[in-house]
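The values are calculated or read from the model by the stated rules, or taken from the named source; none is laboratory data. Predicted model, so just to flag it, every value in this text is computed and none were measured. Ideal geometry is used to build each Cβ from the backbone, glycine not excepted, and the neighbour counts take in all protein chains shown. When the accessible area is computed, the model is the full protein with side chains, heavy atoms only, and any ligands, DNA or RNA have been set aside. Shrake-Rupley method; radii C 1.70, N 1.55, O 1.52, S 1.80 Å.
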Amino acid sequence: MKREYQDAGGSGGGGGANMGSCKDKVMAGAAGEEEDVDEMLAALGYKVRSSDMADVAQKLEQLEMAMGMGGVSAPGAADDGFVTHLATDTVHYNPSDLSSWVESMLSELNAPPPPLPPAPPAARLTSTSSTVTGGGFFELQAAGDSSSSTYALRPIPPPVVATADLSADSARDSKRMRTGGGSTSSSSSSSSSLGGGASRGSVVEAAPPATQGTAAANAPAVPVVVVDTQEAGIRLVHALLACAEAVQQENFAAAEALVKQIPTLAASQGGAMRKVAAYFGEALARRVYRFRPADSTLLDAAFADLLHAHFYESCPYLKFAHFTANQAILEAFAGCRRVHVVDFGIKQGMQWPALLQALALRPGGPPSFRLTGVGPPQPDETDALQQVGWKLAQFAHNIRVDFQYRGLVAATLADLEPFMLQPEGEADANDEPEVIAVNSVFELHRLLAQPGALEKVLGTVHAVRPRIITVVEQEANHNSGSFLDRFTESLHYYSTMFDSLEGGSSGQAELSPPAAGGGTDQVMSEVYLGRQICNVVACEGAERTERHETLGQWRNRLGRAGFEPVHLGSNAYKQASTLLALFAGGDGYRVEEKEGCLTLGWHTRPLIATSAWRVAAA
């Protein structure tokens, strides 16, 4: 789905090629005027006899090729004159005699191409073009209501399809015709590219011309929009990137004009591309209109946990993170009788039943297991952390594991102090020392929004001297100082992420009928990712908490804090690959080993990375 950014603009010889490549596809229905004149084209004011359709189509192909070859064979100043002549001196508006008009255009070209073979019969509109109506994918509330809208993201509705209502009397096969690159007055939209060029829009509104009969003239206008999905997809990427560049340059007038085009362009796309473009469009609109989401509130934190749970169920990323981190912790706890895990983001505790079960099956019996879970305060002042601990305690009791739990409520990890993570009370002299492991899944990058917060947390971790620290983070650089670089990187990253969601859901549908909650999981997962997009694009300063960095950047940060990497080993790699093989749609996922760390990606793009660390030797 991901499409690389391509500059549609050009100068010199490229101008002719650009005009040749821009095609408008026109289709409309109207009552017939004369039996020997094609009714579909007559509704647009083009008088073409049905018997001449093949000849006209062939001449249009010749005209298109001639204009395209002009940009190749006439370089330099000569080609500039050719393009200027077509653009200014020769302008035709809805020629009534299409055949004569094509003849006149061909006569103006010095070297027309050789005749093409006869054109095939006109075919019905296929799935390569989408007939859609304009419409937005997001609505901005009034600025005064900004306090009541926090990440007001909603599932993206499917595109609205407008179909022509053909009566039985005019139930003729629909005809599709490609017109040349000349300017027409019915062309109603255009998209600016980052390079400064412009590509002509393919949205056309057809209405009965003045030359029609009384019945046709009195009939209401029939809006028909035919969009080439591939061309519209390129223009969509151009509009997104051009809008981001305008935002970076603080040219909000241009950014506002561009952001208004994004919903219509996104509507022509399908699947993952339409959804991710809509989320990026909303994030840009929030930034342009300065309608940014508020910082994480208590209610937001509760809703984030719900979205997190759906994301866990719909795709293997969190499962992979939990599995690889648990494997590293299990190996670090080998032979230990008293173990303690500090989880920087306990959420709903989904990571720990698997580790408890693995410890219960360990030769020699399970160790005494203590878990400290850190989480944010709840909006209703309920003790959600204790509820999680109670459920884990019930599970540990059933599998006969000595289990202790303590919940720590903290608005930010920077509030933690070393004494909070130490064992409670004094241990007996004969007892074996407690071995500590610290676990962080998608938590450390949030600390980068607060100056000095990450360094304080890493200092706290260093003070308790854990046996191992497991870190899982997004494999992307969304913390660049340049807004355009950050936007471009996040556009590629989340396009791939949405692709993987679509691929996983289609794989599940092929294997078995979808479960009752399957569709809900995917929709909520898209909202989960959409909130991240909104934060990366629309927020700045302390509000921008989604500051993802690459594995290499985390290696430098942890190294400066006094930690050294721990090799995860081939066993974790093999088991992670086996886990993905069991996941529906797993063919597109790839596990790779990178300098002792493991990454999970979609096809060739790594998306998350798991690494393990320990306190460096003095």
Query - Test result for Glu473, modelled with pLDDT under 95 and either assigned to a loop (DSSP other than H, G, I, E, B) or not small (Gly, Ala, Ser) (or both) - result: no
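Tell me yes or no: at least one residue of region 543-555 is open to solvent by 20 Å² or more (accessible area, probe 1.4 Å), in a helix (DSSP H, G or I) and on the phi > 0 side of the Ramachandran plot.
To start, the set of residues in region 543-555 that are open to solvent by 20 Å² or more (accessible area, probe 1.4 Å) comprises 543, 545, 547, 550, 552-553, 555.
Now drop any that are not in a helix (DSSP H, G or I), which leaves 543, 552-553, 555.
Remaining after also requiring on the phi > 0 side of the Ramachandran plot: none.
Within region 543-555, none of the residues are open to solvent by 20 Å² or more (accessible area, probe 1.4 Å), in a helix (DSSP H, G or I) and on the phi > 0 side of the Ramachandran plot.
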**Report entry** Criterion: in the same structural domain as Thr324 (by the TED database), farther than 21 Å from Thr470 by Cβ, within 42 Å of the chain's Cα centre (by Cα) and charged (D, E, K, R) - qualifying residue of Asp431, Asp383
**Finding:** Asp383
Query - Some residue of region 492-502 being under 18 Å from Pro606 (Cβ atoms), at pLDDT below 95 and touching a strand residue (DSSP E or B) at 6+ places or on another chain (Cβ under 7 Å) - result: yes
Requested in this report: Output the number of residues of region 458-492 satisfying the condition of being on the phi < 0 side of the Ramachandran plot and basic (Lys, Arg).
Outcome: 2
